[in-house]
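Everything on this sheet refers to the single structure shown next.
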Number of protein chains: 2
Amino acid sequence: MDFTDAVLKRRMVRQFTDEPVDPAIIDKLVELARHAPSAGFTQGQAFIIVSDPQIRKQVAKICGEEDYDTGGYGPWISQAPVQVIPCTSEAAYHRRYNEPDKKAPGEEEIVWPVPYWHMDVGCAVMVLLLGVVDEGLAAGFAGVFDPDGLRSLLGIPAEWTPVGVIPIGHPAPDKRSPSLKRGRVADAVYLHHEGW
Amino acid sequence: MDFTDAVLKRRMVRQFTDEPVDPAIIDKLVELARHAPSAGFTQGQAFIIVSDPQIRKQVAKICGEEDYDTGGYGPWISQAPVQVIPCTSEAAYHRRYNEPDKKAPGEEEIVWPVPYWHMDVGCAVMVLLLGVVDEGLAAGFAGVFDPDGLRSLLGIPAEWTPVGVIPIGHPAPDKRSPSLKRGRVADAVYLHHEGW
């Protein structure tokens with residue numbers, strides 16, 4: 001699919017059909033997300049693919065699927081045939097920026113005014129979400145508000161933070177997110193030339 | 001360009017020719033980046049496009065271009081005909097999640113274990129970087145380690161954090177980043193099935 005078409009076609013979807021998803025496609029998309037950039041080529045990102053129905057249910061519970069259900073979305077996190085869980089490691093960036101090519105002997109590690117580990121996982125997630133559209137599939141995104149719950153369930157090491165759960169499947173007719181009623185932010189806020 | 005091709009073709013580029021870039025293309029790409037997702041459709045992202053040569057020089061100085069120069073890259077930040085500066089606002093997310101549809105009366109705002117404002121700006125930046133490739137242009141990325149310096153130079157409000165400077169231009173023969181010598185991280189770290 002044309003790149004621009006993929007960007008314009010992408011929506012957050014919260015309803016999926018029962019049709020299964022070829023696991024090879026998901027592996028391919030996660031592999032493609034590896035081509036996202038990272039500070040110092042740290043690559044401090046990792047992905048967990050979950051397709052087991054019981055584990056999907058537990059993941060969905062930790063993500064507060066019941067609350068979404070109350071909002072009228074139904075059990076969209078557990079019903080999607082695949083969940084992809086992106087993780088990021090701040091520690092990996094600290095290790096990388098203590099390597100000799102990033103720090104002269106006796107110097108301190110750089111100070112990080114921006115947590116690039118979170119920005120970089122955003123880049124990787126964007127590639128994945130666009131790749132899903134490119135494959136004729138659909139994806140949503142559930143925020144993670146209990147990272148320790150997911151760490152415990154999935155055996156994620158302490159230094160890795162699961163930043164979301166991305167349910168993927170074949171799209172079904174969907175309920176439009178009420179957040180979209182907000183409309184786009186004003187151009188005068190979003191875009192500036194030569195200065196704010 | 002095909003979506004997958006854009007992902008595979010994208011590189012961080014640090015050398016640009018003198019050829020100017022059509023400002024309409026940059027406006028179009030930043031507009032396309034607006035289609036990246038954001039938590040609660042907060043859209044807490046903004047972009048500054050800088051083409052004025054004097055301002056570009058000042059931006060480059062704040063980004064430590066001299067240090068890159070020592071590393072053999074030359075003045076790649078100031079020489080690119082366009083710089084795009086993505087910004088993100090944590091405050092915008094707090095305001096959004098204090099709106100009635102996100103918080104019942106008397107409730108507290110959600111706790112944020114993940115700074116989605118940084119992840120979301122990563123998504124928008126990824127769309128921009130891929131769009132640059134789609135247009136036959138090239139882009140690099142300079143981290144921002146003096147956000148106050150950029151705020152002061154460009155009049156960026158205190159609540160907005162400039163997270164990078166993206167020089168954009170027509171690609172010239174480039175010096176490969178030494179970070180790439182690290183190679184890809186092991187599959188066993190990057191990809192997991194059903195659990196870590």
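May I ask which residue of B:VAL121, B:ILE110, B:GLY143 lies farthest towards the positive end of the charge dipole of segment B:105-173, with charges of +1 (Lys, Arg) and -1 (Asp, Glu) on Cβ and the Cα centre as origin?
B:GLY143
Sort shortest first the distances from B:GLY72 to its counterpart in every other copy, using label points 7 Å along the Cα-to-beta-carbon line, and give them in nm.
Ordered by increasing distance: 6.0 nm.
What FRET efficiency comes out for A:GLU19 versus B:GLU194 if R0 is 22 angstrom and r is the Cβ-Cβ distance? Round to the nearest 0.05.
So, using R0 = 22 Å, E works out to roughly 0.60.
Could you work out, residue by residue across B:178-190, how many beta carbons of other chains sit within 10 Å of that residue's beta carbon, and then give the average as an integer?
For peptide B:178-190, the averaged partner shielding equals 5.
With no solvent and one point per C-alpha, what does the Debye sum give as log10 I(q)/I(0) for chain A at q = 0.09 Å⁻¹?
Result of the Debye calculation: -0.40.
When only DSSP loop residues count, what trypsin sites (Lys or Arg not before Pro) in segment A:116-191 have their Cβ near at most 15 other Cβ atoms within 10 Å?
Qualifying residues, ordered by number: A:LYS175, A:ARG176, A:ARG184.
Within 10 Å of each Cβ in A:29-38, how many Cβ atoms from other chains are there, averaged over the peptide?
5
Under 13 Å Cα-Cα from B:LYS175, which aspartates and glutamates qualify once same-chain neighbours fewer than 8 residues away are excluded?
B:ASP69
Taking the axis that carries chain B onto chain A, what is the nearest Cβ in chain B, and at how many Å, to the whole number?
Taking the axis that maps B onto A, the answer comes out as B:GLY122, 1.
If I fit a long axis through the Cα atoms of helix A:23-33 and take the longest principal axis of the Cα atoms of chain A, what angle between them do I get, 0 to 90°, rounded to 10?
Rounded to the nearest ten degrees, it is 30.
Calculate, in nm to one decimal, what B:LYS9 and B:ARG184 gain on full extension: separation in residues at 0.36 nm each, minus their alpha carbon distance.
On the way: separation 175, 0.36 × 175 = 63.00 nm, distance 1.65 nm.
Computed gain between B:LYS9 and B:ARG184 is 61.4 nm.
Per Stokes-Einstein, at 20 °C and 1.002 mPa s, what whole-number D in µm² s⁻¹ belongs to segment A:1-75, with the Kirkwood radius over Cα pairs as the hydrodynamic radius?
Values: Rh = 15.5 Å.
Result for D is 138 µm²/s.
For peptide B:42-54, what's the mean number of Cβ atoms from other chains within 10 Å of each residue's Cβ?
4
Quick check for me: using +1 on Lys/Arg Cβ and -1 on Asp/Glu Cβ, what's the dipole size of the protein assembly as shown about its Cα centre, in debye to the nearest 20? Working shown, then result.
Values: 38 positive and 54 negative charges, 22 e Å.
Dipole magnitude for the protein assembly as shown comes out near 100 debye.
How large is the charge dipole for segment B:3-190, taken about the Cα centre, if only the Cβ atoms of Lys, Arg (+1) and Asp, Glu (-1) carry charge, to the nearest 20 debye?
The dipole magnitude comes to about 540 debye.
How many angstrom lie between the C-alpha centres of segment A:9-45 and segment B:1-54?
Taking the Cα centre of segment B:1-54 as reference, the centre of segment A:9-45 is 21 Å away.
Please give the Cα centre distance for segment B:168-196 versus segment A:117-196, rounded to the nearest Å.
21
Distances from B:GLU99 to the same residue in each other copy, label points 7 Å out along Cα→Cβ, in nm, shortest first?
Copy-to-copy label distances for B:GLU99: 4.2 nm.
Over every pair of different alpha-carbon atoms in the protein assembly as shown, take the mean of 1/r and invert it; report that Kirkwood radius in Å.
With all distinct Cα pairs of the protein assembly as shown included, I get 21.4 Å.
Taking the 0 to 90 degree range and rounding to the nearest ten, how far is the long axis of helix A:53-62 tilted relative to the main principal axis of chain A, both from C-alpha atoms?
In chain A, helix A:53-62 runs at an angle near 70 degrees to the longest axis.
How many nanometers, to one decimal and shortest first, lie between the label point of B:ILE110 and those of its other copies, if labels sit 7 Å from Cα toward Cβ?
Nearest first, the other copies' label points are 3.1 nm away.
Taking a temperature of 4 °C and a viscosity of 1.567 mPa s, what whole-number D in µm²/s does Stokes-Einstein yield for segment A:87-196 with Rh from Kirkwood over alpha carbon pairs?
Approximately 73 µm²/s, per Stokes-Einstein.
Since every read-out is calculated from the coordinates, none of them should be taken as a lab result. None of these values were measured; they are calculated from a predicted model. Cβ coordinates were reconstructed from backbone atoms using ideal geometry, including for glycine residues, and neighbour counts include every protein chain displayed.
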